[in-house]
Amino acid sequence: MFTTVMKAIGKRLVWVAILAGCLHGCSSTRVRSSVDDPKANMVSGTLIIRPELWHSDSDRRGQGGIEIGYEHQSGKGTQNLKMGEYVQYDPAVQLIGPQRISHDATVDHAHIAYNRLMSFGSYFQLEPSIGIAHDEVNIDSNGTGTYLNTSTTSSNTTVALRQTLTGITLGIIPRWYFNHYFAIEIPVRFGVGYSSRTDSANGTFSNRNNGITELINPSLVFCPSKNVALSVGYVDREQHVETDIAKSNLDLSFRGVSAALRVTF
């Protein structure tokens, strides 16, 4: 009799464990990694080459040139994961809520573009550009990690994602001059990037990752010479990266002080 009762209880416990596991699996949700940093400073540099052959007789039609640009911006942030939510970059490790995790993210952007400078009188210019861009987005997330292969946990686990994107960048800079030395400008840039992951099973490209960047950077410009400009301002970057189906997507909101050097030949 006792043996029969224990067997019945054991079967019930097994079914309860299976049901609990099912409920946990069904309720688990992979969430986006979100980094919101109001003190994410940015440094950038731009080199513009304007050949004489590309110069127009009309200032409004402007003068063409090749623009080579670089930006670096980094930010930190924390994110609260609710029960059943998790962040995952590695197939073997998850950061599962409820917990607060920390993020450390960097963005390196480079582009080469066709640039055109158009003048409207002595005090106002427009400078549109279009080109090819390459972004490298890196994020390290730290918290209590669950190792899926062994079901063990560690209170100090860092998981990392390295994402590269190549695509199109569009920019425009309205600029107002006070005199020959000082100006105010508002660079605006929009970018769309893509990358492909190789499917090891058949060697084809699949799961095209993509990202969108929106950046606005109002700045005060100092021109010590005709070919050199130094600027200090405020930058607001929104960058969203869609990864493949097994990883958390990224939302980066970086705002902070910007410093830039611009050289024209």
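Nothing in this text is a laboratory measurement; each read-out follows from the coordinates by a stated rule. This structure is a prediction, so every number in the text was calculated from the model and none was measured. Note: ideal-geometry Cβ built from the backbone for every residue, glycine included; neighbour counts use all protein chains shown.
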Based on other C-beta atoms within 10 Å, arrange 85, 238, 71, 52 from fewest to most. 52, 238, 85, 71
Taking the range 52-126, which trypsin sites (Lys or Arg not before Pro) meet the DSSP loop condition and have no more than 12 other C-beta atoms within 10 Å? 60, 61, 82
Please report the net charge: other residues with Cβ closer than 13 Å to the Cβ of residue 111, K and R +1, D and E -1. -4
Go from 0 up to the bin containing the longest alpha carbon distance in the range 31-264, width 10 Å each, and give me the % of pairs per bin. 7, 28, 28, 19, 11, 5, 1, 0
Cut-off 14 Å between beta-carbons: net charge of the residues surrounding residue 263, Lys and Arg +1, Asp and Glu -1: +2
Ranked on Cβ counts within 10 Å of their own Cβ, fewest leading, 111, 180, 55 go 180, 55, 111
